[in-house]
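All remarks here apply to the structure that follows.
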Amino acid sequence: MWQISSGRQPFENIEHDISLTLAIHGGKREEIINGTPIEYSNMYTKCWRYEPNERPSARKLVTILKSINSTPVDEIHLPENDESIPEIPSLHIHAVHWYQPAAKNGDK
């Protein structure tokens with residue numbers, strides 16, 4: 001959900017290695033993007049909670065998204081002091097994942 005509001009890959013300027021894995025496990029999260037409606041950012045940050053039972057269910061997420069979607073534009077709550085657009089950081093070469101096609105039956 002963060003990717004939808006940012007239009008970017010998470011941690012795109014950091015090498016995707018064990019250090020990042022441990023940092024995320026320790027609570028590191030992306031920054032909320034300026035201009036993201038508060039209800040939406042509240043929703044996706046709840047999904048980042050460490051304990052699975054503290055995260056919203058898929059059904060709850062659908063309910064929240066339907067509520068946000070049906071809210072008139074003039075009633076959407078945006079963060080205050082939301083005048084600047086953040087600079088997009090450069091992409092770290094090891095933040096890109098290269099995939100090879102899976103082997104088919106009988107192939108190596």
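Please treat every number below as a calculation from the coordinates, not as lab data. Keep in mind the model is a prediction, meaning the values are calculated, not measured. Note that each Cβ is placed from the backbone with ideal geometry, even for glycine, and that neighbours are counted across all protein chains shown.
Note that the stretch 18-25 has calculated 3J(HN,Hα) couplings of 4, 4, 5, 4, 5, 5, 5, 4 Hz, one per residue in order, obtained from phi through the Karplus relation 6.51 cos²θ - 1.76 cosθ + 1.60 (θ = phi - 60°); glycine and proline are x. Loop-located chymotrypsin sites (Phe, Trp or Tyr not before Pro) in the stretch 36-66 (DSSP state not H, G, I, E or B) with no more than 15 neighbouring Cβ atoms inside 10 Å: TRP48, TYR50. In terms of its alpha-carbon gyration tensor, the stretch 1-83 comes out oblate; a/c meets the 1.5 threshold, while b/c is at least as large as a/b.
Remark: relative contact order (the stretch 1-74) = 26 percent; criterion is Cα-Cα distance under 8 angstrom and separation of 6 or more residues.
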